[in-house]
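Enquirer: Pasting a structure here, questions to come.
The values are calculated or read from the model by the stated rules, or taken from the named source; none is laboratory data. On a predicted model such as this, the values are computed, not experimentally measured, just so you know. Counting neighbours? That spans all protein chains shown, and the Cβs are built from the backbone with ideal geometry, glycine included.
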Amino acid sequence: MAVGPLAVLLVATILSLALATSEEQQQRGSRDKKKFDYCVIGAGPSGLQMAYYLKKAGRDYRVFEKSNMTGYFFGTYPKHRRLISINKVHTGQQNPEYNLRHDWNSLLSDDPSLLFKHFSKDYYPQADVLVKYLDEYRRKLDLSVQFDTEARNVRRLPKETPTGHRFQFEDQRGESYWCKYALMANGMSRPNEPYFEGHAMTVGYEDVSTDLDDFEAKTVLILGSGNSAFETANHVAGVANYVHLLASSPPRFAWSTHYVGDLRAVNNELLDNYQLKSLDGLLEANLNILQLVRTQSGRFALQLRNDTSFNYAPPDNEYDVVVRCLGFTYNDNMFSPCTKPKRGTGRRSKFPLINRDYESANVPDLYFVGSAAHSLDFREASGGFIHGFRYTSRALHRLLEWKNHGVPWPSERRPLAQLVDAILTRVNEASGIYQMHHVLGDVIIIDRNTLEFEYLQEFPLPLLPQFEEKTGHKVDGKEVIVMALRYNPDFSGPRLDTFHSDRAVQEAEKAHLSNFLHPVIYYYNRLMQRPVGEHVEEMENRHGNPSIPVPDRTHHMLEDFLTRWTSPHLHIEPLRKYLESCLGVDLRRYRSTECFVKLLEGAAEDVASPLPLSCVQRPEFETSHFLYLEHGNTFA
């Protein structure tokens, strides 16, 4: 009997309702549980990323989300809906780890169908697509998220409960919850609203209209010079009389600072109009010397508050609309006064103050995930964005696994003969150390006794002085190699000319002068371990902040236009020779016939001449009793 389309539609509707009812019942049933080992506050991308790792490890956790959706922030922002995180669908490569270097929207998982490229083909995707992606990520991985639950009065208890729970909070219905560890993944969601005279007459970025009719033939002043300010200016420039941007300093261009949070080229169209004198323009002044006043015409004008010197007089123009686009700060309203985290200082005052292991500086067992933890690499790397904090979230999870559950940092042991190959593979493929350059790095522990090395990926470099304490791996008395990627510190900065004719180095002998992102290998004869707070002599990053302990030796791999460090002459041979000089071993690759010749030559001369490691550790020689008797101790 043929089934009509109406019947098919009816069955599909019933199944859909059944699934929705099942999920609703599951959600309602899960609300009965009130105590958890890990409470994750916020179901944005960082909260979901952390939930993935907690679930994968089999931990007792729950994500609490105040709204009824994942990615609530991206349901509103950016206001004009185009993301500036690139979505490189094609790279010419099939390696999924390499492709994540150019995928700035995907969260990490074992499911290849949850790559963002399957949701959008746009190079700069729409924010609504990201919201759908995040919900699919949650649904498909079956992550434990409790919606419509706003965490309030979060506090650390004076004394932990008999079950070891240290935190308590209530939701908007008065229900109480307890946690052993609180992981704050609620992002940077509070608009930055510095006070100045006339502040009340402005409209915030969070409230600005996206209807172009509201700006038709209007004169617009925008406060700010970051991406949200230029995004807004670009949106209205075509219909407004003209647009002025006012900020305390010139824009910081991402192409000169190499920081993705600075002004991106995709947003800076208005600069053409300014430089080509087509009405739009930029003004520079500090808001604390200005006041915004309402004129007799009912419009707005800028005036000096006093006689403070100003590089030029405020424009005589009157504005119809004044928009604040001054960024976001961390919202700490959910904390009880006794548990409120300290704030950073200076430009980092918008962030909570945290230690190098992402833990609050003043509240033990309170951790920050995602953009709220960006103070550790602010203006250095990508930790404030999905393509950065997906890796720092994983790093935090690994730190917690060892601290709370005795699970050491994941590692791989390999024969020492494979050291060059292991490093080359990572510098050419790894995405975590690429996005979080010189913040996360690979750590290699040399074991002279077994002629092996132990490889740990993406460790937070500022924690190297506490490496044993944080990972469960011993380095006492062992040599350590650290591999990271970095820019030349002198090649990054506001208004630096990064397009000059000699910007790239081409000779291997001058690799240490490389400007663009390139691998750097640090050798420690002994990696000194020190308690937190004890002085350690450290190198500084490009903003003068400590980054890693001063190494015994350093090797720069020559920068490459395509970031492919595969040239035998320019990259591989210099790396091998550097490692050989550090370790005092022959790391060249010998064919089987060459190994037999060297073995016979040594036997004929009755001497224990050291065989190259590639001979000692070849599968066909590993069972050679003679080889180990004669040569097994020559690398001790």
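Enquirer: May I ask you to say which residue of Val154, Val131 is within 24 Å of the chain's Cα centre (by Cα) and closer than 18 Å to Gly42 by Cα?
Expert: Exactly one residue qualifies, and that residue is Val131.
Enquirer: Moving on to the next point. Does any residue of the stretch 232-250 turn out to be modelled with pLDDT of 95 or more, outside the structural domain of Ser336 (by TED's automatic domain parsing), within 20 Å of Arg294 (Cβ to Cβ) and out of contact with any strand residue (DSSP E or B) (no Cβ under 8 Å at 6 or more places or on another chain)?
Expert: Within the stretch 232-250, not a single residue is modelled with pLDDT of 95 or more, outside the structural domain of Ser336 (by TED's automatic domain parsing), within 20 Å of Arg294 (Cβ to Cβ) and out of contact with any strand residue (DSSP E or B) (no Cβ under 8 Å at 6 or more places or on another chain).
Enquirer: Among (1) free of Cβ contacts under 8 Å to residues at least 24 places away in the same chain; (2) more than 22 Å from Leu562 (Cα to Cα); (3) not hydrophobic (A, V, I, L, M, F, W, C), where does Gln94 come up short?
Expert: (2)
Enquirer: May I ask you to verify whether Ser581 is closer than 30 Å to Asp502 by Cβ and modelled with pLDDT of 95 or more? Spell out the reasoning first.
Expert: Values: closer than 30 Å to Asp502 by Cβ: yes; modelled with pLDDT of 95 or more: yes.
Yes; evaluated as a whole, the condition is true for this residue.
Enquirer: Let me ask you something else. Would you mind finding the one in Leu114, Leu134 that is of a type in the set (A, V, I, L, M, F, W, C), surrounded by 15 or more Cβ atoms within 10 Å (Cβ to Cβ) and touching a residue at least 60 places away in the same chain (Cβ under 8 Å)?
Expert: Only one candidate qualifies: Leu134.
Enquirer: Follow-up question, since we're still on this one. Please tell me if Gln168 is of a type in the set (S, T, N, Q), under 24 Å from Cys39 (Cβ atoms) and in a strand (DSSP E or B).
Expert: Yes; evaluated as a whole, the condition is true for this residue.
Enquirer: Residue check: is Gln146 modelled with pLDDT of 95 or more and under 30 Å from Cys338 (Cβ atoms)?
Expert: When the stated conditions are applied, Gln146 passes them.
Enquirer: Hey, Asp122 hits all of (1) assigned by TED's automatic domain parsing to the domain that holds Ala361; (2) within 28 Å of Gly432 (Cβ to Cβ); (3) more than 21 Å from the chain's Cα centre (by Cα) but one; which does it fall short on?
Expert: Asp122 satisfies every listed condition except (1).
Enquirer: Given the conditions (1) in contact with a Phe, Trp or Tyr (Cβ under 6 Å, 6 or more places away or on another chain); (2) outside the structural domain of Thr257 (by TED's automatic domain parsing), report the number of the one that Phe300 does not fulfil.
Expert: (2)
Enquirer: Would you mind finding the one in Arg576, Arg553, Arg564 that is touching a Cys at 6+ places or on another chain (Cβ under 8 Å) and in the same structural domain as Arg426 (by TED's automatic domain parsing)?
Expert: That would be Arg553, the only listed residue that is touching a Cys at 6+ places or on another chain (Cβ under 8 Å) and in the same structural domain as Arg426 (by TED's automatic domain parsing).
Enquirer: Which condition does Glu269 not pass, out of (1) touching a helix residue (DSSP H, G or I) at 6+ places or on another chain (Cβ under 6 Å); (2) surrounded by 20 or more Cβ atoms within 10 Å (Cβ to Cβ), if it passes all the others?
Expert: Here Glu269 clears every test but (2).
Enquirer: I've got another one for you. Are any of the residues in the stretch 557-571 assigned to a helix (DSSP H, G or I), over 24 Å from Leu463 (Cβ atoms) and aliphatic (A, V, I, L, M)?
Expert: Yes, that holds for at least one residue.
Enquirer: Restricting attention to the stretch 17-50, which residues are hydroxyl-bearing (Ser, Thr, Tyr), more than 24 Å from Ser176 (Cβ to Cβ) and modelled with pLDDT under 95?
Expert: Thr21, Ser22
Enquirer: Say we look at the stretch 302-321 and pick out the residues that are at pLDDT below 90 and under 14 Å from Gly198 (Cα atoms); which of these is surrounded by the most Cβ atoms within 10 Å (Cβ to Cβ)?
Expert: Leu302
Enquirer: Continuing with the same structure: Tell me, please, whether a residue that is of a type in the set (Phe, Trp, Tyr) and within 12 Å of the chain's Cα centre (by Cα) can be found in the stretch 370-387.
Expert: Yes, there is a match, as at least one residue in the stretch 370-387 is of a type in the set (Phe, Trp, Tyr) and within 12 Å of the chain's Cα centre (by Cα).
Enquirer: Please work out which residue is farthest from Trp178 (Cα to Cα), limiting yourself to the stretch 60-96 and to residues that are over 19 Å from the mean Cα position of the chain (by Cα) and not in a loop (DSSP other than H, G, I, E, B).
Expert: Only one residue tops the list, namely Arg82.
Enquirer: Right, here's the next one. Out of (1) under 16 Å from Asp357 (Cα atoms); (2) modelled with pLDDT under 95, the odd one out for Glu380 is which?
Expert: (1)
Enquirer: In addition: Any chance the stretch 69-83 includes a residue that's β-branched (Val, Ile, Thr), crowded, with 18+ Cβ neighbours inside 10 Å and under 29 Å from Ala233 (Cβ atoms)?
Expert: No: the stretch 69-83 contains no residue that is β-branched (Val, Ile, Thr), crowded, with 18+ Cβ neighbours inside 10 Å and under 29 Å from Ala233 (Cβ atoms).
Enquirer: Do we have any residue at all in the stretch 233-243 that's touching a residue at least 40 places away in the same chain (Cβ under 8 Å) and in contact with a Gly (Cβ under 8 Å, 6 or more places away or on another chain)?
Expert: no
Enquirer: Sort out which residues of the stretch 250-266 are surrounded by fewer than 15 Cβ atoms within 10 Å (Cβ to Cβ) and without any contact (Cβ under 8 Å) to a residue 60 or more places away in the chain, and write them in order of number.
Expert: Once the filter is applied, which keeps residues that are surrounded by fewer than 15 Cβ atoms within 10 Å (Cβ to Cβ) and without any contact (Cβ under 8 Å) to a residue 60 or more places away in the chain, the stretch 250-266 yields only Ala265.
Enquirer: Taking the stretch 359-378 on its own, how many of its residues are over 19 Å from Lys56 (Cβ atoms) and in contact with a helix residue (DSSP H, G or I) (Cβ under 7 Å, 6 or more places away or on another chain)?
Expert: Qualifying residue count, the stretch 359-378: 4.
Enquirer: Checking the structure you have, find out if any residue of the stretch 186-201 is surrounded by fewer than 19 Cβ atoms within 10 Å (Cβ to Cβ), in contact with a helix residue (DSSP H, G or I) (Cβ under 7 Å, 6 or more places away or on another chain) and of a type in the set (Ser, Thr, Tyr).
Expert: Yes, the stretch 186-201 contains a residue that is surrounded by fewer than 19 Cβ atoms within 10 Å (Cβ to Cβ), in contact with a helix residue (DSSP H, G or I) (Cβ under 7 Å, 6 or more places away or on another chain) and of a type in the set (Ser, Thr, Tyr).
Enquirer: Turning to a different aspect of this structure: Regarding Ser297, is this residue surrounded by 13 or more Cβ atoms within 10 Å (Cβ to Cβ), hydroxyl-bearing (Ser, Thr, Tyr) and modelled with pLDDT of 90 or more?
Expert: no
Enquirer: Filter the stretch 110-134 down to the residues that are touching a helix residue (DSSP H, G or I) at 6+ places or on another chain (Cβ under 6 Å) and among the polar types (S, T, N, Q) and list them by number.
Expert: Ser120
Enquirer: Give the number of residues within the stretch 381-395 that are more than 13 Å from Trp104 (Cα to Cα), surrounded by 24 or more Cβ atoms within 10 Å (Cβ to Cβ) and not small (Gly, Ala, Ser).
Expert: 1
Enquirer: Let me ask something else about it. Within the stretch 329-357, can you find the residues that are basic (Lys, Arg), assigned to a loop (DSSP other than H, G, I, E, B) and within 19 Å of the chain's Cα centre (by Cα)?
Expert: Arg356
Enquirer: Just need a number here: residues in the stretch 352-361 that are free of Cβ contacts under 8 Å to residues at least 40 places away in the same chain and either more than 14 Å from Val532 (Cα to Cα) or surrounded by 19 or more Cβ atoms within 10 Å (Cβ to Cβ) (or both).
Expert: Total meeting the criteria: 4.
Enquirer: Something else now. Looking only at the stretch 517-535, count how many residues are surrounded by fewer than 18 Cβ atoms within 10 Å (Cβ to Cβ) and over 23 Å from the mean Cα position of the chain (by Cα).
Expert: Number of matching residues: 10.
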